Structure formats: structure tokens, C-alpha cells
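Taking it in order: structure first as C-alpha cells, then the write-up.
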Amino acid sequence: MITVENLTVRYGELKATDQVTLRAADGLTVGLVGPNGSGKSSVLRAILGGLHESEGVIAIDGQATTTLSSRARSRQLAVVAQEETSDFPLTVWDAVLLGRSVYLSGWSSYREADKSAAEAAMRQTGVWAFADRPLSALSGGERQRVLIARALAQGATHLLLDEPTNHLDVRFQHEILSLVSSLPLCTIVVLHDLNLAARYCEEIVLLSKGRIVAAGEPGDVLTAQLLEPVYEISVRRVDQEGVPQLLFSPRERAITEVTRNEPISMAGLEG
Ligand SMILES: Nc1ncnc2c1ncn2[C@@H]1O[C@H](COP(=O)(O)OP(=O)(O)OP(=O)(O)O)[C@@H](O)[C@H]1O
């Protein structure tokens with residue numbers, strides 16, 4: 001379980017999150033959603049312990065993260081960050097195996113168990129066929145799946161993902177999130193695509209301007225009433241087989257559509 005209590009993140013004068021409190025239970029996938037700049041990544045970074053200017057208490061399985069060594073934290077918590085790049089000429093196999101480095105001591109080399117875990121994670125995410133290819137030669141989507149494989153290979157019980165579907169085509173967006181949500185892990189995932197969040201997250205936390213606007217089951221949070229003021233866009237919800245699915249239209253277009261049968265004025269177009 002991951003618990004975040006009264007988290008306030010500051011970047012100098014700017015307050016990126018304000019008293020954020022949330023809880024992600026074991027086995028559940030919690031979606032963190034909200035407009036650009038609403039503080040989603042800052043919450044993830046704080047959980048990872050990468051922010052010095054933050055107030056509040058963050059605990060993993062009841063233990064405050066400030067009391068965990070970085071190695072202990074890495075064994076419990078895996079992360080798939082946005083746009084991760086490496087200057088090292090790694091193959092896909094090397095990159096995934098790196099997830100096992102938290103189990104190495106000193107200069108010891110990888111054991112058979114490490115290699116089996118890496119292979120299993122690669123097969124699970126569909127990147128086994130790329131094992132010998134350089135990481136730098138993969139498409140963005142393929143690379144993203146490799147990073148998820150590395151997180152799985154790490155064997156952590158808690159998983160943080162920041163926009164994992166960014167570079168994925170539609171099929172892999174669904175495959176990866178379906179995989180992530182089926183894992184028996186405590187997962188917090190930042191998603192921009194609210195329809196994917198609706199389908200694959202058991203709980204949603206909606207952030208706006210650094211504060212939590214709503215939290216709960218997708219059906220309760222992904223409503224036009226809550227989303228429209230936060231995103232400043234028109235929202236229509238169509239529930240499909242019990243899953244909320246949302247249709248969006250810019251507010252200006254909604255107004256234009258009302259008048260679309262009116263004759264188009266040619267004024268200003270004539271020479
Ligand atoms: N390193 C930083 N230094 C200064 N300000 C930052 C830094 N990182 C984020 N911010 C600011 O903090 C606020 C929250 O940013 P954050 O990245 O957490 O939002 P987000 O919801 O993840 O955004 P996005 O959806 O665009 O990725 C924004 O106003 C952003 O400009």
C-alpha cells in the first residue's frame with residue numbers, strides 16, 4: 001500500500017501540490033489524472049523521494065519512505081518515467097537486466113534467477129524478440145515496453161508509471177494497461193487519456209491546480225460535472241458495458257455547432 005498524507009511540493013515560490021492525501025491499496029491500479037501542470041508528476045516524484053522541498057508523510061506498506069534506504073525503496077518500488085533516455089549503448093536485454101541490479105551485492109554478477117526474471121518480464125511485455133537490439137534503435141513505443149519490462153523484472157510490489165502509453169499505438173495502449181492492471185501490485189499511474197483511465201483503473205484521483213478535486217471509482221469521478229470545470233472542455237459521457245467513456249468537444253466548437261446551419265458569410269473573403 002502507498003499512502004500520501006498532506007503532501008505539499010514546492011519549487012521555490014511555486015506550490016505544485018497543496019495538501020494532497022491519497023491511498024493506493026495493494027492489488028489496485030490508481031489513476032492520477034488532471035490537466036497539464038496540475039501536479040501529477042510532482043506527486044510521483046515525491047513518492048520516489050526525489051524532491052527535497054516537500055512536506056507531508058509518504059509511506060510504503062506503512063513505513064515512511066524517509067526511513068528506507070534507496071536500495072530498500074528500489075526493491076519495493078519500481079518506476080516507469082516519462083521520456084527516459086540513456087547515453088549508454090545498452091541492448092534491450094541489458095536494459096531489462098538492469099532492473100535486477102537492486103539484488104546484486106558488490107561486484108557480483110547476475111544469477112540465473114535474475115536472467116529468468118528478466119526473460120519472463122520481456123515475454124510478458126512482448127519485447128523478447130528485441131532482446132539483442134540496441135535500446136537506442138527502438139521506436140518510442142517499443143522502448144516504453146522495455147522500460148515496463150525492466151520495472152517488472154525488478155520484482156517490486158509497488159509500481160509508479162508516468163504516462164506509460166505516451167508513445168504507444170492504440171493496441172499497445174490497451175495491452176500495456178491491461179497487463180499493468182492485471183498485475184497483483186499496488187500501482188499508481190499518471191494518465192492523460194481519461195478513457196484508458198476509466199477502463200483500466202479501479203480508482204481515480206483527479207487533480208487540479210495541485211489539489212485533489214475528487215477521488216473514487218471511475219464512474220463517480222469521471223463525470224461531466226467534475227471534469228468540465230477542471231479541463232474547461234465540454235464532456236459527454238457514454239457508458240459502454242459499464243465502463244464510462246467520454247467524448248470531448250472544445251467549448252467554442254459546441255457554440256459553433258449550434259449555428260452551423262446558418263449561411264456562411266463571404267464578407268472579408270471577396271477580393
Ligand atoms: N523542476 C521544476 N521546477 C520548477 N517548477 C516545476 C518543476 N517541475 C514542475 N514544475 C511546476 O510545477 C507544477 C506541477 O508540475 P507537474 O509536472 O507536477 O504537473 P503535471 O500534472 O505532471 O503536468 P503535465 O501533465 O504537463 O506533465 C507546474 O506548474 C510546473 O510548471
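Values in this text are rule-based calculations from the coordinates and carry no lab data. Everything numeric in this text was worked out from a predicted model, so none of it was measured. Cβ sites come from the backbone with ideal geometry, for glycine too, and all protein chains shown count toward neighbours.
Here are some notes:
- Using a simple spin-label model with pseudo-atoms 7 Å out from Cα toward Cβ, Q225 and R171 lie 4.1 nm apart.
- Equivalent ellipsoid, the chain (semi-axes from 5 times Cα gyration tensor eigenvalues, Å): 37, 24, 18
- Going from the residue with the fewest nearby Cβ atoms within 10 Å to the one with the most, M1, M122 rank M1, M122.
- Highest-fluctuation residue, E241, E203, E119 considered, GNM on the chain with Cα pairs under 10 Å: E241
- Separation of the S136 and T21 label points, Cα + 7 Å toward Cβ, nm: 4.9
- Comparing mean-square fluctuations of A137, A16, A156 from a GNM of the chain with C-alpha springs under 10 Å, the top value falls on A137.
- Using θ = phi - 60° and Karplus 6.51 cos²θ - 1.76 cosθ + 1.60, couplings along the range 160-165 (whole Hz; Gly, Pro as x): 10, 10, 10, 6, x, 9
- The phi-based Karplus calculation (6.51 cos²θ - 1.76 cosθ + 1.60; θ = phi - 60°) puts the 3J(HN,Hα) values of the range 187-194 at 10, 10, 10, 7, 9, 8, 7, 5 Hz, whole numbers, x for Gly and Pro.
- The range 15-42 residues near the modelled V57 label - backbone nitrogen below 18 Å, point 7 Å along Cα→Cβ: 19-25
- Contour excess over end-to-end distance, with Cα ends at E5 and E217 and 0.36 nm allotted per residue: 74.3 nm
- Dipole magnitude (debye, nearest 20) for the range 99-253, charges at Cβ of Lys, Arg, Asp, Glu: 360
- Build a GNM of the chain with springs between Cα atoms under 10 Å apart, and of L98, L51, L247 the one that fluctuates most is L247.
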